[in-house]
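Enquirer: Let me give you the structure first, and then I'll get to my questions.
We did not get these values from a lab; they are worked out from the coordinates using the rules stated. Keep in mind the model is a prediction, meaning the values are calculated, not measured. Every residue, glycine as well, gets a Cβ built from its backbone with ideal geometry; the counts of neighbours run over all protein chains shown.
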């Protein structure tokens, strides 16, 4: 059996963009192990959406420890035995930290992060999903997670902008930037095949994929 081109794929993007759904689809198609961030297991997350200032640090540290634990297993050799598809990138953890923590909390967070991040292997490919703000809000509403429904449009807008800035400078792995506004990788087999083709043809460190309505 030929060695797959990408052994470690990460799907990333702001809340509501569809990264977990695409990660699941890719994992099934590639017969790869699936790594998901365990948002439902974070006891601080619902409280964060109610009182962001109070619970931001606890929420962020819980996610950081959980992601580092999962990825440390890859660094110990699992990555070389199995293909991996994940819906989170450890490097982007700093993105949420900068957005939500005050300066003193961020200093503490970075001390913890710097001790953990070295355990994470770089992926072979990052698929960065983008969508307009109105689409993100629509998808968040449609998926119906209670604690997300009070999320402000301003927070989503700042989050999407922070993602764009982050991936503008990210160079640890090749990045396929995908405008998902007119693409549905779960319901449309044709859209999913188009994505697979673009992944296979990708040659540069950064490429862009979109489709007109």
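Enquirer: Evaluate region 5-61: find the radius of gyration of its Cα atoms, find its Kirkwood radius, and give the ratio Rg to Rh.
Expert: In region 5-61, Rg relative to Rh is 1.09.
Enquirer: Mean separation of Cα pairs under 8 Å and 6+ residues apart, divided by the residue count of the chain: what relative contact order is that in percent?
Expert: 28
Enquirer: Whole angstrom only: what separates the Cα centroid of region 86-118 from the Cα centroid of region 137-163?
Expert: First find each Cα centre; the distance between them is then 20 Å.
Enquirer: Between residue 36 and residue 165, what FRET efficiency follows from the Cβ-Cβ distance if R0 is 30 Å, with the result rounded to 0.05?
Expert: Result of the calculation: an efficiency of 0.75.
Enquirer: 222 nm [θ] for the chain, helices only, -39500 (n - 2.57) per DSSP H run of 4+, per residue, to 500?
Expert: When only DSSP H runs of four or more count, the value is -15500 deg cm²/dmol.
Enquirer: Let me ask something additional. Would you compute the Debye intensity of region 125-213 from its alpha-carbon atoms alone, equal scatterers and no solvent, and pass along log10 I(q)/I(0) at q = 0.14, 0.18, 0.25 Å⁻¹ to two decimals?
Expert: -0.59, -0.91, -1.27
Enquirer: Would region 172-213 count as rounded, prolate or oblate if I go by the C-alpha gyration tensor, calling it rounded below 1.5 in a/c and otherwise prolate when a/b exceeds b/c, oblate otherwise?
Expert: Judged from the Cα gyration tensor, region 172-213 comes out prolate (a/c at least 1.5, a/b above b/c).
Enquirer: Under the classification rounded if a/c is under 1.5, otherwise prolate if a/b is larger than b/c and oblate if not, where does region 113-162 fall, given a ≥ b ≥ c as square roots of the Cα gyration tensor eigenvalues?
Expert: prolate
Enquirer: Please find the FRET efficiency linking residue 65 to residue 145, where r is the Cβ-Cβ separation and R0 is fixed at 22 Å, and quote it to the nearest 0.05.
Expert: For R0 = 22 Å, the calculated efficiency reads 0.50.
Enquirer: Which distance in Å, rounded to a whole number, links the C-alpha centroids of region 168-190 and region 196-213?
Expert: 8
Enquirer: Which of the peptides 176-184, 10-18, 107-115 is most tightly packed, and how do the rest follow, judged by the mean count of other Cβ atoms within 10 Å per residue?
Expert: Ranked from most to least packed, the peptides come out as 10-18, 176-184, 107-115.
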